[in-house]
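Worksheet for the structure shown next.
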Amino acid sequence: MAVPRQVSNRGVLREEAGGSADSSVTARTPVPPVSPGSLERLVSPAQVTESPGKNLWEQICEEYEAELPTLPEGYKVKQEAAVTVSSVTPLEELVPHGFNMEHYFPVHSFPVVPPVPCPPKKTETVEPKTCSPKDYLEMFIFPVLLPGMANLLHQAKREKCFERKRTKFIACDFLTEWLYNQNPKRAGEPCTEFFSIPFVEEWLKHHPRPPIPLSLLLTEEEAAIIIQSFWRAYLVRCDPEIQELRQWQKKLREDKHIRQRVKIFWAKQEQKLKCKMDDEEVPAASGPPP
């Protein structure tokens, strides 16, 4: 038999307040007779009166539990037992009865053999003229080329090739110079510049290169100085007095024929210099006096 759940005071007051509103409905519908014993079973005096020793939180919890739906009579909650395996539980108790471990996982006894050291790998000599292309690349090309490529990337980073679209750095020239100076046959010799390499000089005689633009040869400091000087000159030329002076000079050149006068002046100077040189050569040709 199910235990009757407690009814809170708030639930009883809510039922009493709603009784007047639903009086018209209950008057029309027949109400089944209720015995006094059933009323005592639903609401007991101990449930209506508040216990003096409980605080507000305990009262709220009791009211919340009272408002939960009641379970049907005869219903029991089945509690599942938790399976716990302690560290001291033997493994045989967990294995089903009749299970043979050795049948599925046989244990073989192997003889203990002392470890044998691996023999040293013999270095094979590869002939560059008779080996395969793969061996030739791995033995003769890559050991020399890969360090050069690494130095090429570092130099390209210093030249800011990864930041700018155009630079003066030429990767093929750098790699050629590096490989030429790292040649074992030139051990102990000083480093040679790219344009001083003999075969490079011979090639450039027949295939000259176009000059590199000045904008690529200048450093950032040199380029900044040129740009700033041009800008300062432009600001000076914008001055009204300087503009007036430039106009006066232009008019003077057109009216007085300054350019022709300058040409005549330098022609006279050259003529005087030529006569002076002739006069100095005549005494030297006649020789000293007797």
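The values are calculated or read from the model by the stated rules, or taken from the named source; none is laboratory data. These numbers were taken from a predicted model, which means no experiment stands behind them. We place every Cβ from the backbone using ideal geometry, glycine too, and count neighbours over all the protein chains shown. Only protein heavy atoms, including side chains, enter the accessible area calculation; ligands, DNA and RNA are left aside. Shrake-Rupley method; radii C 1.70, N 1.55, O 1.52, S 1.80 Å.
In contact (Cβ under 8 Å) with a residue 24 or more places away in the chain and among the aliphatic types (A, V, I, L, M): which single residue out of Val200, Val236 fits that description?
Numbers: Val236 fails: in contact (Cβ under 8 Å) with a residue 24 or more places away in the chain.
After ruling out the rest, the residue left standing is Val200.
Here Val236 meets the list (1) in contact with a helix residue (DSSP H, G or I) (Cβ under 7 Å, 6 or more places away or on another chain); (2) open to solvent by less than 80 Å² (accessible area, probe 1.4 Å) almost entirely, failing just condition (2).
Suppose we filter Asp279, Asp255 for residues that are among the acidic types (Asp, Glu), open to solvent by less than 100 Å² (accessible area, probe 1.4 Å), at pLDDT below 90 and farther than 30 Å from Ile141 by Cα; which single one remains? Walk me through how you get there before you give the answer.
Working: Asp279 fails: open to solvent by less than 100 Å² (accessible area, probe 1.4 Å).
The match here is Asp255.
Considering each of Leu216, Leu273 in turn, give the residue that is modelled with pLDDT under 90, of a type in the set (A, V, I, L, M, F, W, C) and either open to solvent by 100 Å² or more (accessible area, probe 1.4 Å) or on the phi > 0 side of the Ramachandran plot (or both).
After ruling out the rest, the residue left standing is Leu273.
In region 204-211, the condition of being in contact with a helix residue (DSSP H, G or I) (Cβ under 9 Å, 6 or more places away or on another chain), within 30 Å of Asp173 (Cβ to Cβ) and part of a helix (DSSP H, G or I) is met by at least one residue. Within region 222-241, does at least one residue satisfy the condition of being modelled with pLDDT under 90 and not in a helix (DSSP H, G or I)? No, region 222-241 contains no residue that is modelled with pLDDT under 90 and not in a helix (DSSP H, G or I).
Mind checking which helices (runs of 4 or more DSSP H) fall wholly inside region 65-174 and carry at least 1 residues that are modelled with pLDDT of 75 or more? Break it down into steps so the answer makes sense when it comes.
Details: elements: 91-94, 101-104, 133-136, 142-158.
Correct list: 133-136, 142-158.
Report whether or not Glu189 is part of a helix (DSSP H, G or I) and of a type in the set (Asp, Glu). So Glu189 does not fit the description; no.
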